[in-house]
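The structure appears right after this line, and notes come after that.
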Amino acid sequence: MFICEFITGGGLHQTSLPADLVHEGEMMLQALMRDVNEAGITDIVTTRDYRLRNDPEKCRILDEHSNVWEIWCSIMQTVDAVWPVAPETGDALLRLSELALECGCHLFGCMPEGVALTSSKLKTYQHLLRHQIPVIETYTLDGSFPDSDNGWILKPDDGVGGRDCRYFCERKSLEEAVYALQKQEDYIIQPYIRGIPASLSLLCYQQTGMLIACNRQQFIFHEARGRLEGIVVNGLADQWSVLEPAAVAIAAAIPGLAGYVGVDLVLTDNGPLIVEINPRLTTSYVGLRQSIGINPVAMIIDLFETGQLPSVKLGKKIPVTITLQ
């Protein structure tokens, strides 16, 4: 299996390496490699950015002169399966997923159609709205800004997490920020919604879904910029009955979601409002095995082999804290 973790694996080899992204990518890579190995897949290949410590036993170092996509393609031509861990930004995840299938590999992740839809927050909003799933209103910048009693969020349409996510409490400051953008068509606006920042961890296959964790996000705005400081995996397990219907509805509404899927939401007094869908491994995965007492990779392998959601009972759903800052 080729585990392609984009950030640590050379995806940013010609630009700077943000420390926060490296930290999250490293944690996900190590957790996934451990679980894949213990699930019985011991022949694992990875790549590695030349600026990072070379820990994995079987990896290829990529320097600033490497043609990353050619190297990834050549590796895919020698393996049976690919597990991409990449941001949606710039269609990185979509391109990796398509490449894996073109190379004849088994893709341990969402199909390109599911990735393409959920990589855009605007398209996701429009799709969920058509399926009557509660979702935060999302607007382009070419019209009038929505009314909001609590301020607005400005962020890239294909952004990841809190990166480049900005909060504005005044309409004038929002308008000035929008005017200063070089590519307004790449951004969206959402009204700021008060509530508990949360995320869901799902297993999905052929428009069926299984909730495996309800997570509390430690998300703040520091100097008006969003920052995810930590996650408590299954920190909202007591809200399972409230959140599970949303998880099942999302899986049913979006073709191409497969394997592990993350959902960001705000839990309000009136129920959950979906913020975005992540068609890939999320940072919550790092504490998932400890929380539910089951190897998630074993469940995902079983899912792809049988074409059915696992029938196993989850463990005690122990809260597990992941610190990011």
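A short reminder: the numbers here are calculations on the coordinates, not readings from a lab. None of these values were measured; they are calculated from a predicted model. Note that each Cβ is placed from the backbone with ideal geometry, even for glycine, and that neighbours are counted across all protein chains shown.
So the values come out like this:
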read-out: Residues whose placed amide H lies under 5 Å from that of V45, excluding near-sequence neighbours; value: F2, I3
read-out: Relative counts (whole %) of C-alpha pair distances in the range 152-273, using bins that are 10 Å wide; value: 13, 37, 34, 15, 2
read-out: With Cα atoms, 0 to 90° folded angle of helix 296-306 axis to the chain main axis; value: 80
read-out: Burial ordering of L303, L309, fewest other beta-carbon atoms within 10 Å first; value: L309, L303
read-out: Estimated FRET transfer efficiency when R0 is 45 angstrom, pair A177-A252 (beta carbons, to 0.05); value: 0.75
read-out: Helix-derived mean residue ellipticity, 222 nm - over the chain, DSSP H n ≥ 4, -39500 (n - 2.57), to 500; value: -9000 deg cm²/dmol
read-out: Proxy reagent accessibility, fewest Cβ within 10 Å first, across V82, V45; value: V45, V82
read-out: Long-range HN-HN contacts of V85 with modeled amide H, under 5 Å; value: C4, E5, F6
read-out: The chain: relative contact order in percent, alpha carbon pairs under 8 Å with at least 6 residues between; value: 17
read-out: Estimated dipole of the chain in Debye, rounded to 20 [Cβ of Lys and Arg +1, of Asp and Glu -1, Cα centre]; value: 640
read-out: Under the Karplus curve 6.51 cos²θ - 1.76 cosθ + 1.60, θ = phi - 60°, whole-Hz ³J(HN,Hα) for the range 216-225, x wherever Gly or Pro sits; value: 8, 9, 9, 10, 10, 10, 10, 6, 6, 10
read-out: With Cα atoms, 0 to 90° folded angle of helix 19-38 axis to the chain main axis; value: 40
read-out: Distant-in-sequence amide H partners of N278 (H built 1.01 Å from N, under 5 Å); value: G262, V263, D264
read-out: Rg/Rh for the chain, where both radii come from Cα atoms and Rh is the Kirkwood radius; value: 0.95
read-out: Point-to-point label distance, H65-Q30, nm (Cα→Cβ direction, 7 Å offset); value: 3.2
read-out: For the range 16-164, alpha-carbon Rg and Dmax in angstrom; value: 18.5, 55
read-out: Kirkwood-type radius of the range 232-325, with distances r between different C-alpha atoms, in Å; value: 14.5
read-out: Label zone at S16 (point 7 Å along Cα-to-Cβ), backbone N below 20 Å, the range 59-84; value: 64-65
read-out: Virtual paramagnetic centre 7 Å along Cα→Cβ of A39, amide N under 15 Å, in the range 299-321; value: 299-312
read-out: Subset of K121/K155; K121/K183; K123/K172 violating a 19 Å alpha-carbon distance limit; value: K123/K172
read-out: Loop-exposed trypsin sites (Lys or Arg not before Pro) per DSSP, neighbour cap 11 Cβ within 10 angstrom, longest uninterrupted part of the chain; value: 59-182
read-out: The range 54-201: relative contact order as a whole-number percent, Cα under 8 Å and 6+ apart; value: 20
read-out: The range 37-131: GluC sites (Glu not before Pro) in DSSP coil with no more than 13 other Cβ atoms inside 10 Å; value: E57, E64
read-out: Relative contact order computed over the range 2-108 (Cα-Cα under 8 Å; 6+ residues apart), in percent; value: 32
read-out: Between the range 205-258 and the range 10-67, the alpha-carbon center distance in angstrom; value: 25
